[in-house]
1. With the requirement that a residue be in contact with a Phe, Trp or Tyr (Cβ under 7 Å, 6 or more places away or on another chain) and not small (Gly, Ala, Ser), what does segment 257-287 give you?
2. One residue is enough: does segment 31-47 have a residue meeting the conditions surrounded by 22 or more Cβ atoms within 10 Å (Cβ to Cβ), modelled with pLDDT of 95 or more, under 20 Å from the mean Cα position of the chain (by Cα) and not in a helix (DSSP H, G or I)?
3. Check Pro272 against each of (1) out of contact with any strand residue (DSSP E or B) (no Cβ under 7 Å at 6 or more places or on another chain); (2) surrounded by fewer than 19 Cβ atoms within 10 Å (Cβ to Cβ) and name the one condition it does not meet.
4. Would you say Lys114 is in contact with a helix residue (DSSP H, G or I) (Cβ under 8 Å, 6 or more places away or on another chain), at pLDDT below 95 and over 30 Å from Ala177 (Cα atoms)?
5. Among (1) among the acidic types (Asp, Glu); (2) touching a residue at least 60 places away in the same chain (Cβ under 8 Å); (3) not in a helix (DSSP H, G or I), which single condition is Asp107 missing?
6. Determine whether segment 53-70 contains at least one residue that is of a type outside the set (Val, Ile, Thr), in contact (Cβ under 8 Å) with a residue 60 or more places away in the chain and assigned to a helix (DSSP H, G or I).
7. Given Gly135, Gly101, which one is over 24 Å from Ser277 (Cβ atoms) and surrounded by fewer than 24 Cβ atoms within 10 Å (Cβ to Cβ)?
8. Only one residue in Lys149, Lys188 is more than 17 Å from Ala122 (Cβ to Cβ), surrounded by fewer than 22 Cβ atoms within 10 Å (Cβ to Cβ), out of contact with any His (no Cβ under 7 Å at 6 or more places or on another chain) and modelled with pLDDT under 95, so which one is that?
Amino acid sequence: MSKKAFLFAGQGAQYLGMGKDISHNFKVSDHIFEKASDALSMDVKKLCFEEENLLNKTEYTQPAILTTSVALLQALYTYDIKPDVVAGLSLGEYSALVANGAFDFADAVKVVKKRGQYMQEAVPEGVGGMAAVLGCERSTVQQVCGEIKEVYPANFNCPGQIVIAGKKQAVDKAGEALLEAGARRVLKLKVSGPFHTPLLEKAAVWLQEELEQIELRDIAIPYITNVTADYVTDSKDIKGWLRAQVISPVNWEDTIRRMIQDGVDTFIEIGPGKVLSGFLKKIDRKKTCVNIEDSKTLEKAITLLGGI
C-alpha cells in the first residue's frame, strides 16, 4: 500500500497572488484567509494578492506562506486524502504542525508573524548573509565552516545543494574556500539575516517566550522535525524543537531519506512553488512527487493520487 507524505514550503517560495485561486474556488480555503486576517488584525488576502513589497518582508512573508499552505491543505482535505507523515522546511514545519493537529491555525499564524519579526530583529540588517553552495560534499562544507569563525551550515537541502549562513564577511570567505575546495558555484541569497545559525540566539529566546503562551494538542499524524530529521512523538517536546530550529541547520535531505526508509513513496508538496519537489528529485528521482499551489495543480494531483 502506498504511503503518503505531505511536505510544506518554507520562506522564499512566496509570490504575489499565491492562494488567490484556491481562496476563490474553495469556501474552506477562503475561511482560512479570513481566520488569518482576524488573528492578525490585518487583511491577509490583500497581503498575498496585492502587496508585493510587504509580502517580501520576513515578518509578513511567514504568516502569508503559512496561510496559503493551510488554505491549500483544507482544499485537499475535501477529497478525503490524508497523509501518513508530515514535515515542512523551516517555516513549513508550522504548516506541518497545523496539518497534524498539534497547532491551532490561529495560534500558528500569530506565532510565525512574531517569529519573522524576531528573526529580522535578532541581527541588524546588513550584518548577516546566506549563500547556496552547489556541487560540494557535506563533509567539505562542514569542514570549511568549522575552520572559519561565524559561518555555519544552515540547510542541508539535497545532494549538491547546501546553504551556509553567518556574518557577511565570513560567508564570503567560506564561499571562496569552498570554490577552491571544488564547489561548482556559490550563490548569495537575498535574505535579511543568517537564519538557522547560533547568531539568532536572541530570536530563539524571544520565540520560546511566545511559544510558552500557546497550548498544543496531541500529535495526530506523525511528523519529523528539521533539527533531528527524526519523529517527534510527544507534543510536549514540540516547543523545544521549534526554538532549536531557529539556531540549528535544517536537515531536509535526511528528513526525506527517513521517510523513504519508512516506506513513503508518494510526496505531496503543499504551498507556493516547487522547491521541495526539486529537492526530492535530487534525493530520489524514482519517488512520486506532486505539488499543489492552486486549483489546477490540485486537480492534477487528485487525478494522479486516485490512480495510486
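The values are calculated or read from the model by the stated rules, or taken from the named source; none is laboratory data. Being a predicted model, the structure only gives us computed values, none of them experimental. Glycine also receives a Cβ, built like all others from the backbone with ideal geometry; neighbour counts cover every protein chain displayed.
1. Ile268, Ile270, Pro272, Phe279, Leu280, Lys287
2. Looking through segment 31-47, none of the residues is surrounded by 22 or more Cβ atoms within 10 Å (Cβ to Cβ), modelled with pLDDT of 95 or more, under 20 Å from the mean Cα position of the chain (by Cα) and not in a helix (DSSP H, G or I).
3. (2)
4. Values: in contact with a helix residue (DSSP H, G or I) (Cβ under 8 Å, 6 or more places away or on another chain): yes; at pLDDT below 95: no; over 30 Å from Ala177 (Cα atoms): yes.
Against the criterion (in contact with a helix residue (DSSP H, G or I) (Cβ under 8 Å, 6 or more places away or on another chain), at pLDDT below 95 and over 30 Å from Ala177 (Cα atoms)), Lys114 does not qualify.
5. Every condition holds for Asp107 apart from (3).
6. Yes - at least one qualifying residue is present in segment 53-70.
7. When all the criteria are applied, what remains is Gly101.
8. Values: Lys149 fails: modelled with pLDDT under 95.
That would be Lys188, the only listed residue that is more than 17 Å from Ala122 (Cβ to Cβ), surrounded by fewer than 22 Cβ atoms within 10 Å (Cβ to Cβ), out of contact with any His (no Cβ under 7 Å at 6 or more places or on another chain) and modelled with pLDDT under 95.
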